[in-house]
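Asks: I have a structure I would like to understand better, so I am pasting it below and will then ask my questions one at a time.
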Number of protein chains: 2
Amino acid sequence: MAETSASPTLLLKDELDIVIPTIRNLDFLEMWRPFFQPYHLIIVQDGDPSKIIKVPGGFDYELYNRNDITRILGPKASCISFKDSACRCFGYLVSKKKYIFTIDDDCFVAKDPSGKEINALQQHIKNLLAPSTPFFFNTLYDPYREGTDFVRGYPFSLREGVPTAVSHGLWLNIPDYDAPTQLVKPLEKNTRFVDAVMTIPKGTLFPMCGMNLAFNRELIGPAMYFGLMGDGQPIGRYDDMWAGWCTKVICDHMGWGVKTGLPYIWHSKASNPFVNLKKEYKGIYWQEELIPFFQSAILPKDCTTVQKCYIELSKQVRAKLGKVDEYFIKLADAMVTWVEAWDELNQTGKSSEVPNGAAK
Amino acid sequence: MAETSASPTLLLKDELDIVIPTIRNLDFLEMWRPFFQPYHLIIVQDGDPSKIIKVPGGFDYELYNRNDITRILGPKASCISFKDSACRCFGYLVSKKKYIFTIDDDCFVAKDPSGKEINALQQHIKNLLAPSTPFFFNTLYDPYREGTDFVRGYPFSLREGVPTAVSHGLWLNIPDYDAPTQLVKPLEKNTRFVDAVMTIPKGTLFPMCGMNLAFNRELIGPAMYFGLMGDGQPIGRYDDMWAGWCTKVICDHMGWGVKTGLPYIWHSKASNPFVNLKKEYKGIYWQEELIPFFQSAILPKDCTTVQKCYIELSKQVRAKLGKVDEYFIKLADAMVTWVEAWDELNQTGKSSEVPNGAAK
């Protein structure tokens, strides 16, 4: 299984940034060194900007704290969450690379059933570089994987696939449960290694977790906004979900693919379920309105760029979800601000204007 | 992994029939004895009815050959294919049980990665008895499996799931490829055991293979028609595909689930790709019209039973696919005949009228 090779690949070395949101020293990088060291890191420091975050030697990185975010974005910094891992999307904004891999600092290298260390980044790159098949389900999963193909009955006209925008990886050990499930099953661990990657079909929504996620920034970056969460907001822990629902609707509209499955990382510790419940409870309630909203959202044909799609979606959020809670009006505004900030920092051919944080 | 237990389960012993289409002696049953012997078999003998099919001792079975089919169905026997494994659906028609498991006679017991023999029937029963989740994708796959649950972001209102109508199992060793893929990759084997069961999302079509398949006959039986294939027909090897597309559209309409994944069987030998190409080539071409047809098929709200859905679908087949080839007009007629035969043999409370083949 090539995706579990422990030897580092230099694939996309100059085309991919690793984005890490954190509030602590990044000792977890030691374990990832053989896989991550050749790549550039963008560290988004959450919380107190005066705190010094230690990064193990030998890594090539730039680090942004809240002061940097405010300096770079000015008033538009309001769209970047504070005291919530949603702040990670600032890293997507300032990256100039084609691909992003983002990972949490409590995620470690997992092992496959043979005991080999899994190079999660390498598998994400494979997922992103191979096409997706959102229009018809292949029962043997990823048809482009070695030793597999499209099965009998799969239309030949669909076998070229479409570009892949998102690769969603999974977690061994601590599963990504909500607070109620954490409370009910405090000891449940995910021990099952499912050796598959699959495309999530067109028209189907899924819960996208930001812990172990990669995407084609050039394709879907402007929609990968993690919303308003944490400090001063009525909700937390729905940042990645929000981004997942928005990007899936837009990928479906644009004809791009979203994959889930391999690679696994080892998620080391569960967050506090009582704290999580406080962050989540409005989300758990609102979600029952959000899912039908996203399931029925239709983007008009003239939405031919991700930016246009995202602005249109923000209008629908304001008009329809604004009735659920005024929070969604604020969120719709922030979506617009995000796209404005994206366009400001990502003007074509002006890559020399890239703002620098505390680049090393 | 409970689904790989080698000990036979007597779950649903009196509520499930095993349907086997064949043209040869059923020696393959020896390997399945520990798992199948407690269940009743319905053997549908294809080809020359004067040939004697040997069934290993100790199995409880009834066997139908072409003469039995003609005797029981009269003129309606025209809807049952001859010289094609599509004839298996006659077994669904004459069964009086709630569940059906159907398997090909070149399928043997597979082993899981630990070397344990897989009780495929037991896993299908588990799949059928547990709910499905067609409205939202769970990234940790079957949320009802022990050690797993719904992940963060999965709407609570959808966690009860819906009844499962179909359980589609997979194949180790010889994959279910079409003739062109067989020709291009004559040596490819499926060696990958993917330890997952998942619901195929609502609105998504898939290629349903009849080799290793179970379903809730009470729910979806009247739509599990394998079409007109083989002798006297312009097409073969699309019987299960046709049934899969029809049942998926109807399950989506009725709010029932279709699962795929575990269990695996060991598929022993590939059929001849040159013969297959002859059977398939019109299907490969027509399929490009069939998929858009089924993807856009809408059943009106007053289709409240599977029979009504199926008759409505036959009308749409006649009206839309009849333009592709006159074969589909014949097929639409056969769909109606099938439902009439179903209703005749499955009148509520008249189970004493069950026709008998060469029941032992």
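Asks: Which of the numbered conditions does A:THR204 fail, given that it passes all the others? Conditions: (1) hydroxyl-bearing (Ser, Thr, Tyr); (2) within 11 Å of chain B (Cβ to nearest Cβ); (3) open to solvent by 10 Å² or more (accessible area, probe 1.4 Å).
Replies: (3)
Asks: Select, from B:THR337, B:THR348, B:THR305, the only residue that is surrounded by fewer than 18 Cβ atoms within 10 Å (Cβ to Cβ) and at pLDDT 95 or above.
Replies: B:THR305
Asks: Can you confirm whether the stretch A:165-181 contains a residue that is of a type in the set (Val, Ile, Thr) and over 18 Å from the mean Cα position of the chain (by Cα)?
Replies: Taking every residue of the stretch A:165-181 in turn, at least one turns out to be of a type in the set (Val, Ile, Thr) and over 18 Å from the mean Cα position of the chain (by Cα).
Asks: Taking the condition acidic (Asp, Glu), closer than 21 Å to B:PHE274 by Cβ and part of a loop (DSSP other than H, G, I, E, B), does B:ASP149 pass?
Replies: Answer is no for this residue.
Asks: Could I ask something else about it? Name the residues in the stretch B:164-188 that are over 17 Å from B:GLY261 (Cα atoms) and surrounded by fewer than 19 Cβ atoms within 10 Å (Cβ to Cβ), would you?
Replies: B:PRO180, B:LEU183, B:VAL184, B:LYS185, B:PRO186, B:LEU187, B:GLU188 - these are the residues of the stretch B:164-188 that are over 17 Å from B:GLY261 (Cα atoms) and surrounded by fewer than 19 Cβ atoms within 10 Å (Cβ to Cβ).
Asks: Could you list, ordered by first residue, the pairs with Cβ atoms under 7 Å in which the first is in the stretch B:64-89 and among the aliphatic types (A, V, I, L, M) and the second is assigned to a strand (DSSP E or B) and modelled with pLDDT of 95 or more, at least 6 apart or interchain?
Replies: Close Cβ pairs (under 7 Å, with a partner that is assigned to a strand (DSSP E or B) and modelled with pLDDT of 95 or more) do not exist here.
Asks: Within the bounds of the stretch B:176-198, is there any residue that is hydroxyl-bearing (Ser, Thr, Tyr), out of contact with any Phe, Trp or Tyr (no Cβ under 9 Å at 6 or more places or on another chain) and closer than 23 Å to B:ASP104 by Cα?
Replies: yes
Asks: In the stretch B:174-222, what count of residues is obtained for those that are farther than 16 Å from A:ALA196 by Cβ and hydrophobic (A, V, I, L, M, F, W, C)?
Replies: 14
Asks: Moving on. For the stretch B:31-55, give me each residue that is in contact with a Leu (Cβ under 7 Å, 6 or more places away or on another chain) and among the hydroxyl-bearing types (Ser, Thr, Tyr).
Replies: B:TYR39, the sole residue that qualifies.
Asks: Quick check on my filter: what residues within the stretch A:160-188 are assigned to a strand (DSSP E or B) and more than 8 Å from chain B (Cβ to nearest Cβ)? If you could, list the steps in order and put the result at the bottom.
Replies: If we filter the stretch A:160-188 for residues that are assigned to a strand (DSSP E or B), which is where we start, we get A:162, A:164-173.
Result: A:VAL162, A:THR164, A:ALA165, A:VAL166, A:SER167, A:GLY169, A:TRP171, A:LEU172, A:ASN173.
Asks: Then there's this: Output the residue which, of all residues in the stretch B:103-129 that are within 14 Å of another protein chain (Cβ to nearest Cβ) and more than 23 Å from B:ALA165 (Cβ to Cβ), is least open to solvent (accessible area, probe 1.4 Å).
Replies: Out of the qualifying residues, it is B:ASP112.
Asks: Considering B:PHE206, B:PHE226, which residue is at pLDDT 95 or above and under 15 Å from B:GLY169 (Cβ atoms)? Quick ask: steps written out before the conclusion?
Replies: Numbers: B:PHE226 fails: under 15 Å from B:GLY169 (Cβ atoms).
Result of the check over B:PHE206, B:PHE226: B:PHE206.
Asks: Would you point out the residue of the stretch B:275-302, among those that are of a type in the set (Asp, Glu) and surrounded by 13 or more Cβ atoms within 10 Å (Cβ to Cβ), that is modelled with the lowest pLDDT?
Replies: B:GLU280
Asks: Out of all the residues in the stretch A:234-265, which are more than 12 Å from chain B (Cβ to nearest Cβ) and open to solvent by 10 Å² or more (accessible area, probe 1.4 Å)? Before you say what the answer is, go through the steps one by one.
Replies: As a first pass, look at the stretch A:234-265 and keep what is more than 12 Å from chain B (Cβ to nearest Cβ): A:234-235, A:246-247, A:249-251, A:253-257, A:263, A:265.
Passing the criteria: A:PRO234, A:ILE235, A:VAL249, A:HIS253, A:MET254, A:GLY255, A:TRP256.
Asks: With (1) free of Cβ contacts under 8 Å to residues at least 12 places away in the same chain; (2) more than 8 Å from chain A (Cβ to nearest Cβ) as the list, and B:ASP231 as the residue in question, which single condition is left unmet?
Replies: For B:ASP231, the exception is condition (1).
Asks: Report, by residue number, each residue of the stretch A:305-326 that is basic (Lys, Arg) and touching a residue at least 40 places away in the same chain (Cβ under 8 Å).
Replies: Of everything in the stretch A:305-326, nothing turns out to be basic (Lys, Arg) and touching a residue at least 40 places away in the same chain (Cβ under 8 Å).
Okay, residues lined up against (1) within 13 Å of chain B (Cβ to nearest Cβ); (2) crowded, with 21+ Cβ neighbours inside 10 Å; (3) out of contact with any Pro (no Cβ under 7 Å at 6 or more places or on another chain):
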| position | (1), (2), (3) |
| --- | --- |
| A:PRO131 | no, no, no |
| A:GLY147 | yes, no, yes |
| A:PHE150 | yes, yes, no |
| A:TYR154 | yes, yes, no |
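The values are calculated or read from the model by the stated rules, or taken from the named source; none is laboratory data. Since we're looking at a predicted model, the values are computed, not measured. Cβ sites come from the backbone with ideal geometry, for glycine too, and all protein chains shown count toward neighbours. For the accessible areas, the whole protein counts, side chains as well, though only heavy atoms, and no ligand, DNA or RNA atoms are used. Shrake-Rupley method; radii C 1.70, N 1.55, O 1.52, S 1.80 Å.
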